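Colleague: Pasting a structure below so you can have a look.
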Amino acid sequence: MSMRILITASFHEDGLKILQQHATVIHEDWRITRHVYWGEELLDKIQAIKADAVIVEADAVTEDVFEGVPLKFVGSARDSPKEVDIESATAHSVPVFYTPGRNADSVADLTVLLILAQARKLITTDRLLRSGKVIINSTEEFASFHDSLKGQELGRSTVGIIGLGQIGGRVAQRLQGFGTRVLFYDPHVNKEQGIQINAEKTELETLMRESDFITLHTQATPETFRMIGKEQLAWMKPTAHLINTARSAIIDENALFEAIQMGRIAGAGLDVHSREPVGSDNRFLQFDNVTVTPHIGGNTLDVVYRQSMILASDIDRFLKGETPKYLANPEVLKSS
Amino acid sequence: MATKDEVIRVLEGVRVKFAAPDTKSKFEGFDRTLQFQFTDLETSFHTRIHDGMMDPFSEGELEKPNLLVTTDSGTLVGIMQGNLSPLDAYSVGKLKAKGSMTDLLKLQILM
């Protein structure tokens with residue numbers, strides 16, 4: 001057993017056991033070491049421990065790494081291995097494994113939670129009660145307080161999903177349980193695929209105009225950059241909410257801020273932000289009608305288990321000479 | 001696309017931002033070279049942050065900058081004018097960065 005694998009990703013012991021059948025595994029979880037390697041720093045680490053392969057989550061595997069050491073493979077515990085220089089990996093014939101859909105269920109759960117939080121004014125209610133300002137001494141005060149917190153049911157609401165991929169599709173499936181009317185906009189998904197999960201295909205403008213909750217699930221690409229801007233926000237009903245658990249680059253955040261500040265829309269649920277990591281200085285925290293979370297969509301124990309098993313199983317297949325399922329650069333195997 | 005003069009002006013803006021007492025204090029003990037490489041202008045500018053100061057930017061390339069930001073001139077101008085965040089630019093591939101994660105997070109303060 002000569003191969004050595006450095007794993008800096010969070011990795012479940014079941015996945016480690018699979019890899020330990022093939023190699024010596026050095027597991028230094030970045031969440032425990034509190035260190036993220038970037039480029040040359042990672043190369044130094046790989047060379048120092050004489051690793052033949054690396055599995056990362058937050059670290060950047062740049063061209064320097066591929067040029068500096070002959071890796072057998074790279075694993076990226078990400079839906080899209082953005083931090084790995086795929087072009088360089090391919091040029092050096094290094095297969096890159098990744099984990100599509102690893103966090104789809106977790107993000108879909110959070111999305112529904114944010115929709116519900118907005119629908120039932122959860123944050124407003126909690127903030128009010130904690131403020132110490134709610135003191136009810138009369139029926140009138142009670143009625144006024146109670147009326148101000150009136151919410152809405154998802155069963156009588158319309159949710160518009162922009163991007164019906166792994167996460168958007170799961171959101172639609174979850175909403176079936178509430179009896180919600182679901183619309184979707186996705187040029188890459190046809191009407192019939194939507195029907196299978198009770199989602200109606202629409203144009204973007206129709207979706208923005210008719211939905212009570214609009215939730216974004218497209219990838220951030222040059223094509224989707226700020227696809228929701230001032231014009232699209234103006235199509236929304238004043239009673240509608242916008243949910244973003246995808247990427248902040250999809251929306252013009254300044255336009256969203258203005259729409260909320262001016263009361264042109266009812267509120268928002270935001271897990272992704274143009275400035276991250278998110279701290280207490282996030283500007284949306286000033287609004288009681290916005291639920292702010294610090295990019296925790298995929299932050300569950302289940303995601304760690306899933307990413308470990310997807311990678312370990314695929315690497316196991318690869319090392320046994322079988323065809324792996326999730327390779328970012330399959331041409332590497334075809335050419336070998 | 002911005003002109004080289006516009007880029008020089010926004011880089012001067014980075015130094016003005018750095019000089020603000022709140023920002024400066026966050027770079028105490030920080031000693032790094034920083035280089036901006038512009039894909040459309042085919043040129044680079046670099047500086048060094050040290051002893052609580054940021055040196056004036058010089059045109060040209062360092063052999064091994066501690067922090068390297070590769071972008072186009074329009075994107076940097078957009079960021080410095082507050083129309084675009086560095087993270088959003090990174091998300092859609094308009095900006096690439098090399099360096100340590102901690103340093104890159106610090107760099108966000110200046111942009």
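The values are calculated or read from the model by the stated rules, or taken from the named source; none is laboratory data. Remember, predicted model here, so these are calculated numbers, not experimental data. Glycine also receives a Cβ, built like all others from the backbone with ideal geometry; neighbour counts cover every protein chain displayed.
Colleague: Which condition does B:Asp55 not pass, out of (1) free of Cβ contacts under 8 Å to residues at least 12 places away in the same chain; (2) within 12 Å of the chain's Cα centre (by Cα), if it passes all the others?
Modeller: With respect to (1) free of Cβ contacts under 8 Å to residues at least 12 places away in the same chain; (2) within 12 Å of the chain's Cα centre (by Cα), B:Asp55 is out only on (2).
Colleague: Then there is this: Going by what's in this entry, would A:Gly160 be described as part of a loop (DSSP other than H, G, I, E, B), farther than 30 Å from A:Lys45 by Cα and not aliphatic (A, V, I, L, M)? Walk me through it before giving the result.
Modeller: Details: part of a loop (DSSP other than H, G, I, E, B): no; farther than 30 Å from A:Lys45 by Cα: yes; not aliphatic (A, V, I, L, M): yes.
No.
Colleague: Return the only residue of A:Arg264, A:Arg283, A:Arg306 being basic (Lys, Arg) and touching a residue at least 40 places away in the same chain (Cβ under 8 Å). Give the derivation first.
Modeller: On the way: A:Arg264 fails: touching a residue at least 40 places away in the same chain (Cβ under 8 Å); A:Arg283 fails: touching a residue at least 40 places away in the same chain (Cβ under 8 Å).
Unique residue meeting the criteria: A:Arg306.
Colleague: Look through A:Thr111, A:Thr158, A:Thr139 and report the one residue that is surrounded by fewer than 18 Cβ atoms within 10 Å (Cβ to Cβ), modelled with pLDDT of 95 or more and out of contact with any Gly (no Cβ under 6 Å at 6 or more places or on another chain).
Modeller: Of A:Thr111, A:Thr158, A:Thr139, the one residue that is surrounded by fewer than 18 Cβ atoms within 10 Å (Cβ to Cβ), modelled with pLDDT of 95 or more and out of contact with any Gly (no Cβ under 6 Å at 6 or more places or on another chain) is A:Thr139.
Colleague: Now for a separate question. Collect the residues in the range A:57-102 that are more than 14 Å from A:Lys45 (Cα to Cα), within 13 Å of chain B (Cβ to nearest Cβ), among the polar types (S, T, N, Q) and in contact with an Asp or Glu (Cβ under 8 Å, 6 or more places away or on another chain), keeping them in residue-number order.
Modeller: A:Ser88
Listed here are the residues, each with its yes/no results for (1) at the interface with another protein chain (Cβ under 8 Å from one of its Cβ atoms); (2) without any contact (Cβ under 8 Å) to a residue 12 or more places away in the chain; (3) part of a helix (DSSP H, G or I); (4) surrounded by fewer than 17 Cβ atoms within 10 Å (Cβ to Cβ).
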{"site": "B:Asp88", "(1), (2), (3), (4)": "yes, yes, yes, no"}
{"site": "B:Gly93", "(1), (2), (3), (4)": "yes, yes, no, yes"}
{"site": "B:Lys106", "(1), (2), (3), (4)": "no, no, yes, no"}
{"site": "B:Leu110", "(1), (2), (3), (4)": "no, no, no, no"}
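Colleague: Then there's this: For A:Glu258, state whether it is out of contact with any helix residue (DSSP H, G or I) (no Cβ under 6 Å at 6 or more places or on another chain), surrounded by fewer than 16 Cβ atoms within 10 Å (Cβ to Cβ) and within 14 Å of another protein chain (Cβ to nearest Cβ).
Modeller: Numbers: out of contact with any helix residue (DSSP H, G or I) (no Cβ under 6 Å at 6 or more places or on another chain): yes; surrounded by fewer than 16 Cβ atoms within 10 Å (Cβ to Cβ): yes; within 14 Å of another protein chain (Cβ to nearest Cβ): yes.
Judged against the criteria, A:Glu258 is a match.
Colleague: Hey, among the residues in the range A:1-47 that are more than 20 Å from A:Thr62 (Cβ to Cβ) and basic (Lys, Arg), which one's surrounded by the fewest Cβ atoms within 10 Å (Cβ to Cβ)?
Modeller: For the range A:1-47, the residue satisfying everything is A:Arg34.
Colleague: Another question about this same structure. Can you tell me which residue is nearest to the other protein chains (Cβ to nearest Cβ) among those in the range A:208-222 that are crowded, with 22+ Cβ neighbours inside 10 Å and under 16 Å from A:Gly155 (Cα atoms)?
Modeller: Among them, the one singled out is A:Ile214.
Colleague: Only one of (1) acidic (Asp, Glu); (2) crowded, with 21+ Cβ neighbours inside 10 Å; (3) not assigned by TED's automatic domain parsing to the domain that holds A:Tyr185 fails for A:Asp252. Which number is that?
Modeller: A:Asp252 satisfies every listed condition except (3).
Colleague: On to the next question. Quick test of your reading of the structure: B:Leu105 fulfils all but one of (1) within 25 Å of A:Glu63 (Cα to Cα); (2) under 11 Å from the mean Cα position of the chain (by Cα). Name the failing condition by number.
Modeller: So B:Leu105 meets the others, but not (2).
Colleague: Which condition from (1) more than 14 Å from chain B (Cβ to nearest Cβ); (2) among the hydrophobic types (A, V, I, L, M, F, W, C); (3) assigned to a loop (DSSP other than H, G, I, E, B) is the one that A:Ile310 breaks?
Modeller: The single condition A:Ile310 does not satisfy is (3).
Colleague: Does B:Lys64 count as in a helix (DSSP H, G or I), surrounded by fewer than 20 Cβ atoms within 10 Å (Cβ to Cβ) and within 14 Å of chain A (Cβ to nearest Cβ)? Explain how you work it out, then say what you get.
Modeller: Details: in a helix (DSSP H, G or I): no; surrounded by fewer than 20 Cβ atoms within 10 Å (Cβ to Cβ): yes; within 14 Å of chain A (Cβ to nearest Cβ): yes.
When the stated conditions are applied, B:Lys64 does not pass them.
Colleague: Quick one: which of B:Ser73, B:Ser58 is touching a strand residue (DSSP E or B) at 6+ places or on another chain (Cβ under 7 Å), surrounded by fewer than 20 Cβ atoms within 10 Å (Cβ to Cβ) and more than 14 Å from chain A (Cβ to nearest Cβ)? Before you say what the answer is, go through the steps one by one.
Modeller: Working: B:Ser73 fails: surrounded by fewer than 20 Cβ atoms within 10 Å (Cβ to Cβ).
When all the criteria are applied, what remains is B:Ser58.
Colleague: At positive phi, surrounded by fewer than 20 Cβ atoms within 10 Å (Cβ to Cβ) and in contact (Cβ under 8 Å) with a residue 24 or more places away in the chain - does that describe any residue in the range A:311-333? Reasoning before the result, please.
Modeller: Within the range A:311-333, the first condition is being at positive phi, and the residues that meet it are A:321.
Restricting the remaining residues to those that are surrounded by fewer than 20 Cβ atoms within 10 Å (Cβ to Cβ) gives A:321.
With the extra rule that they be in contact (Cβ under 8 Å) with a residue 24 or more places away in the chain, the set shrinks to none.
No; the residues of the range A:311-333 include none that is at positive phi, surrounded by fewer than 20 Cβ atoms within 10 Å (Cβ to Cβ) and in contact (Cβ under 8 Å) with a residue 24 or more places away in the chain.
Colleague: Here's another thing I want to ask about it. Restricting attention to the range A:273-303, report how many residues are farther than 23 Å from A:Ala220 by Cα and within 16 Å of the chain's Cα centre (by Cα).
Modeller: Start the filter on the range A:273-303 by keeping residues that are farther than 23 Å from A:Ala220 by Cα, which leaves A:280-281, A:285-289, A:301-302.
With within 16 Å of the chain's Cα centre (by Cα) added as a condition, the list becomes A:301-302.
Number of matching residues: 2.
Colleague: Considering only residues of the range A:223-255 that are within 9 Å of another protein chain (Cβ to nearest Cβ) and among the small types (Gly, Ala, Ser), which is farthest from A:Thr158 (Cα to Cα)?
Modeller: Checking each candidate, the answer is A:Ala249.
Colleague: Counting only residues that are in a helix (DSSP H, G or I) and of a type in the set (Gly, Ala, Ser), how many does the range A:313-327 have?
Modeller: At the first step, the residues of the range A:313-327 found to be in a helix (DSSP H, G or I) are A:313-319.
The next check asks that each one be of a type in the set (Gly, Ala, Ser); those that pass are A:313.
So the answer is 1.
Colleague: Here's something else I'd like to know. I'm told B:Phe45 meets every condition in (1) over 30 Å from A:Gly229 (Cβ atoms); (2) within 14 Å of chain A (Cβ to nearest Cβ); (3) buried (at least 17 other Cβ atoms within 10 Å of the Cβ) except one. Can you identify the failing condition by its number?
Modeller: (2)
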